[in-house]
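All remarks here apply to the structure that follows.
The values are calculated or read from the model by the stated rules, or taken from the named source; none is laboratory data. Owing to the predicted nature of the structure, the values given are computational and were not obtained by experimental measurement. Neighbour counts run over all protein chains shown; Cβ positions are idealised from the backbone, glycine included. Side chains included, ligands, DNA and RNA excluded: accessible areas come from the protein's heavy atoms. Shrake-Rupley method; radii C 1.70, N 1.55, O 1.52, S 1.80 Å.
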Amino acid sequence: MCSSDLANAQTTSMVNGIRMAIDEVGGQIDGRQIVYEDMDDASPQRGNWDPAVEAQNANKAVRDENVIGYIGTYNSGASKVSMPILNKAGLVMISPGNTYPGLTKPGTGEPNEPAVYRPSGTINYFRVVPTDDIQGAVACEFARTELKATKVFILHDRELYGKGIADVFRKSADAAGVKVVGFEGIDPKASNYRSLVTKIRAAGPDAVFFGGTTQTNGAQVLKDLRAGGCKVPFISPDGTFEEAFIEAAGKENLSKEQGGVYITFGGLPAAQLTGLGAEFVKKYKAKHGAEPEAYAAYGYEAGRVLLDAISRAKTKDRAAVLAAVAATKDFHGALGTWSFDQNGDTTNRGMSVNTVKDGKFDFVKAVDGSAQAK
């Protein structure tokens, strides 16, 4: 049912959320057993998600008539691979973590997007997390208004997610009158970025934005910025909103005295969730003995949405389950009350900005992303 990214804390926490949703219905609906099957899309050769493995996962799911839902992927680039395969088969796909806008929203990505992912002409892909056209704009507005940045240097990891959100940040900066003094892609496998830091310092930015993830070397970029004496705010998106980023970057590089680190997220962190979300966090901590990572609640929500659709469809027929997911309206869940729109996106527009204090993530503010929604 699920395609996961690296076997790291973030995706493990997300899978824990999915399993908890299944446990809540006793592992069965209308007498039919509900089984979760994990499909890791990473490979030892790449050390990250692998297009070939993701395609194998999608084809395996399609061939198994007992598979009626595919929860994933974590990486937007991986979904580009599996989406058309699953679409042709009419198999519903719900992502807890994809944020690249072009997967669903016309005019936000490449000219052939999102039609290229829908060869059947029917929408089968849905997601419970807000998209980067909202997140990138929120990050830029925070830099401008809260950090008083008038000049920014933008970096990205050259991947679909990272480059995509960096492009949105740049577009938002141009529109807001914030000067972009640099825009560069990095080699995510480089051992250091010292020469790049020299260039950044010479440009004199008030803040540095990194579009990418922990796995594409976001922490190393930050470490080299600090080692090179670049003590300006470091802003990054949800791809670094995990404990692994703090551990990799080192607490000494994350403090406000060093310039500060600010991370946007498509929703609220676990500690800020209310209602069913707060109940989920309490149950998660009791079951797993640890705080849930940021996307755990999104895995849980995706699982509950699929289970709710299966229950309403009253059959394991793929077309019926897909139709039931598409009809999801006013869903009362861990992320509030929301619906899927005509593109398959959540109507949730809530965002948050977070920082790191004393080596721990610390909530800064909630932001209504409705003004940035397209």
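Of the residues in region 66-75, not one is more than 29 Å from F280 (Cα to Cα), among the β-branched types (V, I, T), open to solvent by 10 Å² or more (accessible area, probe 1.4 Å) and not in a strand (DSSP E or B).
Do you know which of the residues in region 40-65 that are of a type outside the set (D, E) and crowded, with 21+ Cβ neighbours inside 10 Å is nearest to K316 (Cα to Cα)? Looking at residues that are of a type outside the set (D, E) and crowded, with 21+ Cβ neighbours inside 10 Å, I get A61.
Residues are listed down the side, and each one gets a yes or a no for (1) in contact with a Ser or Thr (Cβ under 7 Å, 6 or more places away or on another chain); (2) modelled with pLDDT of 95 or more; (3) closer than 16 Å to G267 by Cβ; (4) buried (at least 20 other Cβ atoms within 10 Å of the Cβ):
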{"position": "D330", "(1), (2), (3), (4)": "yes, yes, no, no"}
{"position": "Q342", "(1), (2), (3), (4)": "no, yes, no, no"}
{"position": "T346", "(1), (2), (3), (4)": "no, yes, yes, yes"}
{"position": "N354", "(1), (2), (3), (4)": "no, yes, yes, yes"}
{"position": "D358", "(1), (2), (3), (4)": "no, no, no, no"}
{"position": "D362", "(1), (2), (3), (4)": "yes, yes, no, no"}
{"position": "D368", "(1), (2), (3), (4)": "no, no, yes, no"}
{"position": "A371", "(1), (2), (3), (4)": "no, no, no, no"}
{"position": "K374", "(1), (2), (3), (4)": "yes, no, no, no"}
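Restrict the check to region 140-163 and report whether at least one residue is among the polar types (S, T, N, Q), assigned to a helix (DSSP H, G or I) and out of contact with any His (no Cβ under 7 Å at 6 or more places or on another chain). Yes, region 140-163 contains a residue that is among the polar types (S, T, N, Q), assigned to a helix (DSSP H, G or I) and out of contact with any His (no Cβ under 7 Å at 6 or more places or on another chain). Evaluated against (1) surrounded by 20 or more Cβ atoms within 10 Å (Cβ to Cβ); (2) touching a Ser or Thr at 6+ places or on another chain (Cβ under 8 Å), V281 falls short on exactly one condition, (2). Can P119 be described as open to solvent by 10 Å² or more (accessible area, probe 1.4 Å), touching a Lys or Arg at 6+ places or on another chain (Cβ under 6 Å) and free of Cβ contacts under 8 Å to residues at least 40 places away in the same chain? So P119 passes the test. The set of residues in region 172-196 that are in a loop (DSSP other than H, G, I, E, B), open to solvent by less than 50 Å² (accessible area, probe 1.4 Å) and over 18 Å from L160 (Cα atoms) comprises V178, A190, Y193.
Taken over region 98-132, the criterion of being charged (D, E, K, R) and in contact with a Leu (Cβ under 9 Å, 6 or more places away or on another chain) is satisfied by E113, R127. Inspection of region 75-96 identifies no residue that is hydroxyl-bearing (S, T, Y) and in contact with a Cys (Cβ under 8 Å, 6 or more places away or on another chain).
Need at least 1 residues that are closer than 30 Å to A249 by Cα and out of contact with any Asp or Glu (no Cβ under 9 Å at 6 or more places or on another chain) per element, so show me which helices (runs of 4 or more DSSP H) inside region 259-374 make the cut, counting only ones lying wholly within it.
276-288, 296-313
Would you please name the residue that is most open to solvent (accessible area, probe 1.4 Å), looking only at residues in region 107-116 that are in a loop (DSSP other than H, G, I, E, B) and touching a residue at least 24 places away in the same chain (Cβ under 8 Å)? Filtering first and then ranking leaves G107.
Checking each residue in region 80-98 for being open to solvent by less than 10 Å² (accessible area, probe 1.4 Å) and either within 20 Å of I310 (Cα to Cα) or in contact with a strand residue (DSSP E or B) (Cβ under 7 Å, 6 or more places away or on another chain) (or both) picks out S82, M83, L86, N87, L91, V92, M93, I94, S95, P96, N98. Residue selection: T337 satisfies the criterion of being hydroxyl-bearing (S, T, Y), open to solvent by 20 Å² or more (accessible area, probe 1.4 Å) and either within 23 Å of the chain's Cα centre (by Cα) or within 17 Å of T104 (Cβ to Cβ) (or both).
Assess whether V261 counts as being open to solvent by less than 10 Å² (accessible area, probe 1.4 Å) and either in contact (Cβ under 8 Å) with a residue 12 or more places away in the chain or over 21 Å from the mean Cα position of the chain (by Cα) (or both). Judged against the criteria, V261 is a match.
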